[in-house]
Amino acid sequence: MLTALLNHLWQSTLFALGIALLVPLVRHNGAHVRYWLWWAASVKFLVPFAWLTALGEALHSRAAPVEAFSDFAATIGRVIEPIATPLSTRFALALLGVWALGFVVVLAYWLKRALLIRSALSSTEACKEPWAADAQLRVKQSDTVLEPGVIGIFKPVLLVPRSIATRLPSEQLRAIVAHELCH
């Protein structure tokens, strides 16, 4: 069981690192391309490769020529099972601990960012500018944010810097609202 978990974790982590290297290469494409790449990486963490292999074996047709893929299957088997050799339990637990530590660091980073956004949202006031009245969601101003952004899923709020109205003309502010509404 521990070996299967380690195999899944290293394969998914390697896949996510591959996506992280690929994302800068597609930065000129639409945001939807990056979204689907990261979505695939997330699904890889949720669905172990062993489940897909088991599903393939269950759906395997006996009429299909097995000989044509015998070398391919052996190669894939060697690639996806490098940790399948007997490991000491201490080494396996150490690898799992390193991965878990990385997970906790990333989780703490995102939690810190979420708390900063939450504190910025709590120190806001409603924006009474004419361009904000045209928005289809609540617009709030804050001194702590550097750029406009939509916060929330069920009750979204457009959070804008307080000084934005003094720096941009009304047409550009309406364009920002329209852009953020697309998110």
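Taking the conditions (1) within 25 Å of G30 (Cβ to Cβ); (2) open to solvent by less than 60 Å² (accessible area, probe 1.4 Å) in turn, A120 satisfies each one other than (1). Restricting the search to the range 127-179, which residues are touching a residue at least 40 places away in the same chain (Cβ under 8 Å), open to solvent by less than 50 Å² (accessible area, probe 1.4 Å) and either touching an Asp or Glu at 6+ places or on another chain (Cβ under 7 Å) or part of a helix (DSSP H, G or I) (or both)? Listed by number, the residues that qualify are W131, A132, S170, L173, V177.
Restricting the range 25-52 to residues that are more than 24 Å from W10 (Cα to Cα) and not in a loop (DSSP other than H, G, I, E, B) leaves a set whose member that is modelled with the lowest pLDDT is A31. Is there a residue being without any contact (Cβ under 8 Å) to a residue 40 or more places away in the chain, surrounded by 13 or more Cβ atoms within 10 Å (Cβ to Cβ) and on the phi < 0 side of the Ramachandran plot anywhere in the range 100-108? Scanning the range 100-108 turns up no residue that is without any contact (Cβ under 8 Å) to a residue 40 or more places away in the chain, surrounded by 13 or more Cβ atoms within 10 Å (Cβ to Cβ) and on the phi < 0 side of the Ramachandran plot. P82 falls short on exactly one of the conditions (1) surrounded by 10 or more Cβ atoms within 10 Å (Cβ to Cβ); (2) modelled with pLDDT of 65 or more, and that condition is (2). Mind listing whichever residues of the range 1-21 are under 30 Å from H179 (Cα atoms) and either in contact with a strand residue (DSSP E or B) (Cβ under 6 Å, 6 or more places away or on another chain) or surrounded by 14 or more Cβ atoms within 10 Å (Cβ to Cβ) (or both)? Across the range 1-21, the qualifying residues are A16, I19.
Scanning the range 22-44 for residues that are in contact with a helix residue (DSSP H, G or I) (Cβ under 8 Å, 6 or more places away or on another chain) and open to solvent by 100 Å² or more (accessible area, probe 1.4 Å) gives R27, W38.
The values are calculated or read from the model by the stated rules, or taken from the named source; none is laboratory data. None of these values were measured; they are calculated from a predicted model. Cβ atoms come from the backbone with ideal geometry, glycine included; neighbour counts cover every protein chain shown. To get the accessible areas, we keep the full protein, side chains included, count just its heavy atoms, and leave off ligands, DNA and RNA. Shrake-Rupley method; radii C 1.70, N 1.55, O 1.52, S 1.80 Å.
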